[in-house]
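The values are calculated or read from the model by the stated rules, or taken from the named source; none is laboratory data. Remember, it's a predicted structure, so these values are computed and weren't measured experimentally. Neighbour counts run over all protein chains shown; Cβ positions are idealised from the backbone, glycine included.
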Amino acid sequence: MSRHRRSRAVRLSAICAVVLSGAWSGPDSQARAGDVQPIKIGFMLPLSGPAAGGSAEGGQQGLRLAVDEINSRHLAARPFEAIIADDASDPRTAAEVCKRLIFQDKVDAIISQGPTANRMACNQAALKAGIPHLAALSGPGGMCIANLFMIGPETSQTLHTLVRQIVKDGNTKLYYMGADSSPIRDALPPAMSAAEAAGGTIIGSSFSPSGTTDFSSELAKIAAARPDAVIMMLMGADAVTFSRQFGGDDRVAAIKRADFLMTEKALHSLGRSGANIYSAASYYSSVPGEAGMEFKASLTRMYGEMAAPDVWAVMAYNAVHALAKAVTSPSSGAKEILEALPNISVDGPEGRIKISGRYISTPVFVGKTDGVGRVQIVATYSDVPPAAHCK
Amino acid sequence: MGVVFDAIFSVSVFLLVSIGLFVILGLMNIVNLAHTAFMAVAVYAELYFTGHGWNFWLSAAAGVAVTTLLGAIVEFAIVRRLYGRHIDDTILATWGVSLILVQVLAIAFGSTTTSVAPPLSGSVKFLGELLSIYRIFIVATVATVVAAMAAVIRFSKAGLIVRMVMTNEPLARGVGINTGMVQRLTFVAGAAFAGLAGTLLGPTQGISPSFASSLLASTFLIVLMSGRRLSGLLFACVAAGLAQTLFSAYGNPVIANVMVICTAVVVLRLKPEGLIWPRH
Amino acid sequence: MAAALASRRTVLACLSAAALVGAAMTGALIGDAYVTMLLAQSFTYAIAAISLDLVWGYAGIPELGHSLWFGIGALCVGSMTTSVSETGGVLAAGADATTYILAAAVGVVLAAAMAAIVGWYAFSRGATHFYIAVVGLALAAAAQPAYSQFPRYTGGEGGLFGFAYEGFSNAEWYYVSAAVLLCVTAFLIVLVRSDFGLLLRAVRDNERRVRYLGFNVERIKIAIYSLGAALAGLAGALYAAMEGAVSAPLFGTLFATEMMVWVAVGGRGTILGPAIGTIALGLGGSKLSAAFPLEWSLFLGLALVLIVVFFQAGVLPPIARGLARAVLGSGHKAEQNRSLVAGRETAVPARDASASAAIEISGLFFAYGGLRVLRGVNLEILKGELLCIVGPNGAGKSTLIEVLTDGARNFAGQVAFLLGDRVEHQGRQQDVIARSGVVRKFQVPSLFPSMTVAEHILLATSNGRWPSVWRRTHAIGVPPVVEAICAASGLTGRLEEVAADLSHGVAQGLEMAMAVATRPRIVFMDEPTAGLSAVERAVVGDLLRVLAKSGITVVLVEHDLDFVERIADRVAVLHEGRVLEVGAPSQIAQSDVVRGAYLGSFELEKGDH
Amino acid sequence: MELVLDRFCAGYGAVAVVDRLSLSVAEGEAVVILGRNGMGKSTLLKGILGFLPGAKGSVRLGGQEIIGRPTNAIVRRGVAYAGQEGAVFGDLTVAENIEAGTLISHPGKAREQQIFDFFPVLKERRQQRAGTLSGGEQRMLALARVLLASPKLIVLDEISAGLQPAKVAEVEAALRWERCNRGTTILMVEQNLGLALALASRIAVMKVGQIVLEARADAVDIKSELMRQLAP
């Protein structure tokens, strides 16, 4: 027995040693002598866990495309290099990952896509090291943190545009169906003002926890409230779940929907039960214009069928290009980037975005899905300014 | 009235999801934390086959078949070695299985949320309420499954064998029952139930690799409330379904989720043996 | 074998502690900034892991919600060092050192207090052993959604952030967390190696038996659960002060499961294993997850399955054992760990001639559900007598003992113990009764499988008083009769054998030795001779006589009438839940009533001996 | 059915409680194993029945090797066993326990009636849960279940433990009938010397994992010899 045990233990420790040592000599030491040192970007997003979903494919593709463009066209004074890391949908992991990116991989900037808690946990390390952190997503406004830039529309920019459009189309009574999270709860009062300013009202609201599998009670409440349209502010799989159940429920068949957080792909996967949904975003794959076409074409060249030209891809793409514009000389580093960022504008696939304070002014498109869930653009607003004014 | 139908549906969903966990815990004393991962596999199989032009029912059947097969593989590779171990071990091992399955799905299919179209659409009007036909179908299927299971357990020879294995496994072996086979089949049956739950709920949900994982804790508590009896499971699902529906309808869905959990905590404190018929 | 393991464990403990200290001293010097930060963070996780190991691995409390206590500690620090808007926006963060220390203290106390409340609720009588797992799981599952409901204190969905304590550099944080980890580890190692640690293992192995040894199991479990929570809270507070961020997932089931993985990988019930395992997983995990971001959780799952299936004891213990064997050689001699020392106490004054009652039972009724077992038992048990209860199967003999040693049973009638004062029996729990000097030997030996014979006896001698939390008793003081029992039942040379290896007969002997080692005044024995051969019966009979002579009241249930006749002072005949007759053995054997009810084939039995 | 053990070893984990034991029970014989406690008697029976993994040596049942076979396969060859503990299905009713005993044998109504005649108390309690029976009644139920399987070999572990003398007589009668009328082979471990001598055709004494004495039960001065062997 003992010999058996021992040999097993020895074998196991050998395996452990090999695996660990293999991993240890992993991704370090890529610096090439002689060259200009590349600008390293850490890109953190949820690749696993419950928050994985929306951004995983598009975000990575947009990022890689931007890095390729910058390096091949020498758009920045230093070459770019990206390191992708998974925050496992967990703030603890996010904090750890960012420390690794910053203190071990020595990145010069961080781009992140993911839940607020992850972003804030990550930002601790970025702040400590004094490097810029670009959040490439749409999210709550009003956060003025020295190194954190939101490279995507803040909630008010898209939501208020969306609300105005719906009311304009004759839907004056609105219902606000949100995920149970403070940014979404916080977005309700300004949305109410926006609706009232346009001549409508928000007549009811409910908030459901993430991971809700059965929305029948909410649908009953909505049916009882008899709004003209529902604004869906649900995240991830919940939005699809809600839309599926909404689409299959004849009690609410007459009520229009406006979605705020679903990706185009998710909308499309809804098929017929995803028909006639309003939405607003800073990018749709159907945006007109040459830049948009070229962006799609480049992604398709790189990824073929897997190409995901969505809003996540665009925001990551823009974030990298913003960084590139801030790298003006071979000596530019984190400090110079931080100084330059507040005054940078980027011509992205959707049009021009301009960083103003910690947020951007951006084009906003209002779309509506057709009979098979494809988004058609119904209105375009260029250069929508952020509500927040950070010094 | 709508609340009543919503409650019935909610109870059915709880039953559908928990019944596979129930048979595995009841017969094998194994907590299968990979249950919702099995459901996710089923729904992705369904997605895959509908994506390849199969009709829904065929895809659903294929989804159940894939999950059943997966259950057999997991049983053979892992669970077989956990018989007689402490319940903590089974929790950890099946947790590991679920990590693997979920991540394999994420790698194979990507983690983007998608969905699959329900095979039945439209509603019928009943007692002044519009009821979705697909939901009625789910409720009816669950009712059939539970009734059939009750009949089998109570009246058939197979049911007696199952109960023998449940109360005294070594003795069941001692009277000639191949209990290893019974347990093997139980696990596979549990996986098949997960497959059924996954494929049936698929069209009502957004599909991502962490499909249904939010149901794991509450269904696990429900199964504990069942006292390892089918009647107990029924009671437990009714309690949970009522708590869920009433608190969502007249309160707040966050509180509703917490209340389902609280129900289990209170019930198991007052009746540690679970919600079972009083024995004469 | 057990002794060999025990000594090896000592060596392992030394080796691993040395390794831990070594890592702590050198890690910061050789590592770069990232490794230093990673280690510092891993140390806080390691504290949480060993606190879970104490609760789960040692005391056997299935804890599925340990993240809760970690989260409470972290949230206290976060909440007390930030100012937050009504909707959860962080307005300002950071405070002076005193505030951090105060916040950490509040966190620890709050975690301990809440755990005590949860424990009080979940461990109380009537709840099953697994109930705490349900409560833990439920709390962790509920805490995550509930977190966002109180944004004023928690920062809502986005959590609190930016409050990291600025007074320490990375290296200083490293030393601080290493020091805390070492202190906690040392404290817990002393604790689990002490006599109290023995008690924890006993609770894990066989809770019911611990209760009958006079220990208030609930209180022990609440204490250990609270202590575990306090340490986890400390870990959380340290983590939060270092990281400066707290959010809902810190409370959730995923984190709780991750903690269980750390403990399982490191080896349950080893304290050092989980500490080292957590740190190794932290270091290796960060490397692997960087190299394989998509596949990492797949690896983790695979590793977990392999470890649970093939390395039940965790990965580290077998490696460490192999190391120890390599260092010490496999022929290493086991040390004799514990021995019995007979006290000089002389027997309590011999039997009272006045024969006053020790127990008065009148009109005792008891039913299991609808099955009425005791239907009006009236009996007086005298001080210092050896009373045998006989009766046909199903007469209620075992049930009578069950009820007499557990006043919390739902019975009707009067039972009073007259040990000095008159004490009513009703409502008094098993442990209270045991502490008052009324003990019980079980029909089927009910032991602690992982503990040695000596450890059983040591526990019994405490008779319900909490043993020292730091001392490790080697010489166990026992009444002389315990030594006699050990000698007679062949236990003397086997003090270091674990109970799982004992044969039935020897286990019976140990049961008796334990019962007597508590220095009882009344002993109930349920069929002490069941499964013994005639010769062994004779030995047991002699021992029982010795007990009775030493002034202990002995009440036993017996089938073998011949045996009863030989040893009993008095015999009580129980039939259909009532006492038919009480009297001298010879008188009972002759009684027609008894013969009619009971002795169908007395002659056959009698002829054989 | 004939049972032959040759150099049979069995135990728990690494501890071999039964050590190279050889014993043969001829068809129709009743062999009773006596011995002090902890000598490996129960382990021997459990080992024969295949409950203990890692048993070694040879066990031939009706001429066929059964070592290493799973319990259920062994039982299906016509063996019925009642262990010392856990010999009934506690959560099942008495009637269901009886049915469990007949799952593989289908003995027919007449035989069932006959068993109930042996143990009338079981008939009264048909619908009661077996777990609520008294210890003695559970032994009766276990024996009834064993007999109902119509086995060719009965293996019993202290079937009389905890039984009052009157019931021991019932057990004796039932087993005697079984052996005389159906020619069933019996192997049992007993503490009750009276029952042992009344039933056995041969007595074996076990000590520290081995058989130290085998004798015909009707041999002269068997009692004194047994007493001598059973002394410590």
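I need a count of the residues in segment D:131-147 that are buried (at least 24 other Cβ atoms within 10 Å of the Cβ) and either in contact with an Asp or Glu (Cβ under 8 Å, 6 or more places away or on another chain) or assigned to a strand (DSSP E or B) (or both).
Of the residues in that region, 2 qualify.
Looking only at segment C:497-519, which residues are buried (at least 24 other Cβ atoms within 10 Å of the Cβ) and over 27 Å from D:Glu158 (Cα atoms)?
Listed by number, the residues that qualify are C:Val516, C:Ala517, C:Thr518.
Could you please find all residues in segment D:150-161 being of a type in the set (Gly, Ala, Ser) and buried (at least 24 other Cβ atoms within 10 Å of the Cβ)?
D:Ser160
Given the condition surrounded by fewer than 11 Cβ atoms within 10 Å (Cβ to Cβ) and either over 23 Å from the mean Cα position of the chain (by Cα) or not in a helix (DSSP H, G or I) (or both), answer yes or no: does some residue in segment B:126-135 qualify?
So far as segment B:126-135 goes, yes, one or more of its residues are surrounded by fewer than 11 Cβ atoms within 10 Å (Cβ to Cβ) and either over 23 Å from the mean Cα position of the chain (by Cα) or not in a helix (DSSP H, G or I) (or both).
Any idea which of B:Leu201, B:Leu268 is buried (at least 23 other Cβ atoms within 10 Å of the Cβ), more than 9 Å from chain A (Cβ to nearest Cβ) and at negative phi?
Exactly one residue qualifies, and that residue is B:Leu268.
Could you check segment B:29-87 and list, in sequence order, the residues that are small (Gly, Ala, Ser) and touching a helix residue (DSSP H, G or I) at 6+ places or on another chain (Cβ under 7 Å)?
Matches in segment B:29-87: B:Ala34, B:Ala37, B:Ala40, B:Ala42, B:Ala45, B:Ser59, B:Ala60, B:Ala62, B:Gly63, B:Gly71, B:Ala72.
Is there a residue in segment D:63-74 that is in contact (Cβ under 8 Å) with a residue 12 or more places away in the chain and closer than 30 Å to D:Gln127 by Cβ?
Looking for residues that are in contact (Cβ under 8 Å) with a residue 12 or more places away in the chain and closer than 30 Å to D:Gln127 by Cβ, one finds at least one in segment D:63-74, hence yes.
Wholly within segment A:126-245, which helices (runs of 4 or more DSSP H) include no fewer than the required count, namely at least 1 residues that are within 14 Å of chain B (Cβ to nearest Cβ) and touching a residue at least 40 places away in the same chain (Cβ under 8 Å)?
Filter on segment A:126-245 gives A:182-186, A:216-225.
Out of B:Cys262, B:Cys237, report the one residue that is more than 9 Å from every other protein chain (Cβ to nearest Cβ) and assigned to a helix (DSSP H, G or I).
Unique residue meeting the criteria: B:Cys237.
Looking at (1) away from chain C (no Cβ under 14 Å); (2) surrounded by fewer than 15 Cβ atoms within 10 Å (Cβ to Cβ), which is the only condition B:Ala108 fails?
The one condition B:Ala108 does not meet is (1).
Restricting to segment B:83-105, what's the tally of residues that are more than 10 Å from chain C (Cβ to nearest Cβ), farther than 14 Å from B:Pro209 by Cα and not aromatic (Phe, Trp, Tyr)?
Total meeting the criteria: 1.
Just checking, which of D:Ile74, D:Ile98, D:Ile115, D:Ile67 is in contact with a strand residue (DSSP E or B) (Cβ under 8 Å, 6 or more places away or on another chain), among the aliphatic types (A, V, I, L, M) and assigned to a helix (DSSP H, G or I)?
D:Ile74
With the requirement that a residue be more than 9 Å from every other protein chain (Cβ to nearest Cβ), farther than 12 Å from D:Leu147 by Cα and free of Cβ contacts under 8 Å to residues at least 60 places away in the same chain, what does segment D:177-201 give you?
Hits for segment D:177-201 are D:Cys180, D:Asn181.
May I ask you to verify whether C:Ala342 is surrounded by fewer than 21 Cβ atoms within 10 Å (Cβ to Cβ) and at pLDDT 75 or above?
Judged against the criteria, C:Ala342 is not a match.
Would you point out which residue out of B:Phe187, B:Phe155 is more than 14 Å from chain A (Cβ to nearest Cβ) and touching a residue at least 60 places away in the same chain (Cβ under 8 Å)?
B:Phe187
Given D:Leu34, D:Leu103, which one is surrounded by 19 or more Cβ atoms within 10 Å (Cβ to Cβ) and aliphatic (A, V, I, L, M)?
D:Leu34
Could you pull out the residue among C:Ala241, C:Ala264, C:Ala280, C:Ala230 that is more than 30 Å from C:Ile522 (Cβ to Cβ), away from chain B (no Cβ under 14 Å) and surrounded by 24 or more Cβ atoms within 10 Å (Cβ to Cβ)?
C:Ala241
Counting only residues that are under 18 Å from B:Ile87 (Cα atoms), at the interface with another protein chain (Cβ under 8 Å from one of its Cβ atoms) and outside any helix (DSSP H, G or I), how many does segment C:283-313 have?
Of the residues in segment C:283-313, 2 are under 18 Å from B:Ile87 (Cα atoms), at the interface with another protein chain (Cβ under 8 Å from one of its Cβ atoms) and outside any helix (DSSP H, G or I).
If a residue has to be within 23 Å of A:Thr328 (Cα to Cα) and aromatic (Phe, Trp, Tyr) to count, how many in segment A:339-371 make the cut?
Selection size over segment A:339-371: 1.
Quick one: D:Val208 ticks every box in (1) aliphatic (A, V, I, L, M); (2) free of Cβ contacts under 8 Å to residues at least 12 places away in the same chain; (3) surrounded by fewer than 17 Cβ atoms within 10 Å (Cβ to Cβ) bar one, so which box is it?
D:Val208 satisfies all of (1) aliphatic (A, V, I, L, M); (2) free of Cβ contacts under 8 Å to residues at least 12 places away in the same chain; (3) surrounded by fewer than 17 Cβ atoms within 10 Å (Cβ to Cβ) except (2).
For segment C:473-496, enumerate the residues that are outside any helix (DSSP H, G or I) and either crowded, with 19+ Cβ neighbours inside 10 Å or in the same structural domain as C:Asp195 (by TED's automatic domain parsing) (or both).
C:Ile476, C:Val478, C:Pro479, C:Ser489, C:Leu491, C:Leu495, C:Glu496
Within the bounds of segment C:128-146, is there any residue that is at pLDDT 85 or above and farther than 26 Å from A:Pro209 by Cβ?
no
To keep it simple, each residue is scored yes or no on (1) closer than 23 Å to C:Phe563 by Cα; (2) more than 10 Å from chain D (Cβ to nearest Cβ); (3) touching a His at 6+ places or on another chain (Cβ under 8 Å).
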| site | (1), (2), (3) |
| --- | --- |
| C:Val478 | no, yes, no |
| C:Val482 | yes, yes, no |
| C:Ala499 | no, yes, yes |
| C:Leu510 | yes, yes, yes |
| C:Val516 | yes, yes, no |
| C:Arg519 | no, yes, no |
| C:Arg537 | yes, no, no |
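Identify all residues within segment C:395-431 that are surrounded by fewer than 19 Cβ atoms within 10 Å (Cβ to Cβ) and either in contact with a helix residue (DSSP H, G or I) (Cβ under 6 Å, 6 or more places away or on another chain) or not in a loop (DSSP other than H, G, I, E, B) (or both); write none if there are none.
C:Arg409, C:Ala412, C:Gly413, C:Gln414, C:Ala416, C:Leu418, C:Leu419, C:Asp421, C:Arg422, C:Val423, C:Glu424
List the residue pairs whose Cβ atoms are under 7 Å apart, where the first residue sits in segment B:212-228 and is closer than 13 Å to B:Asn32 by Cα and among the polar types (S, T, N, Q), the second is in a helix (DSSP H, G or I) and modelled with pLDDT of 85 or more, and the two are 6 or more positions apart or on different chains.
Between residues of segment B:212-228 that are closer than 13 Å to B:Asn32 by Cα and among the polar types (S, T, N, Q) and residues that are in a helix (DSSP H, G or I) and modelled with pLDDT of 85 or more, the close pairs are B:Ser213/B:Thr36; B:Thr219/B:Phe14; B:Thr219/B:Val17; B:Thr219/B:Ser18; B:Thr219/B:Leu21.
Could you please give the count of residues in segment C:111-153 that are part of a helix (DSSP H, G or I) and under 36 Å from the mean Cα position of the chain (by Cα)?
30
Going through C:Ala548, C:Ala572 one at a time, which residue ends up being modelled with pLDDT of 85 or more, away from every other protein chain (no Cβ under 14 Å) and not in a loop (DSSP other than H, G, I, E, B)?
C:Ala572
Could you please let me know if A:Ser273 is within 14 Å of chain B (Cβ to nearest Cβ) and modelled with pLDDT under 85?
Spelling it out, A:Ser273 is indeed within 14 Å of chain B (Cβ to nearest Cβ) and modelled with pLDDT under 85.
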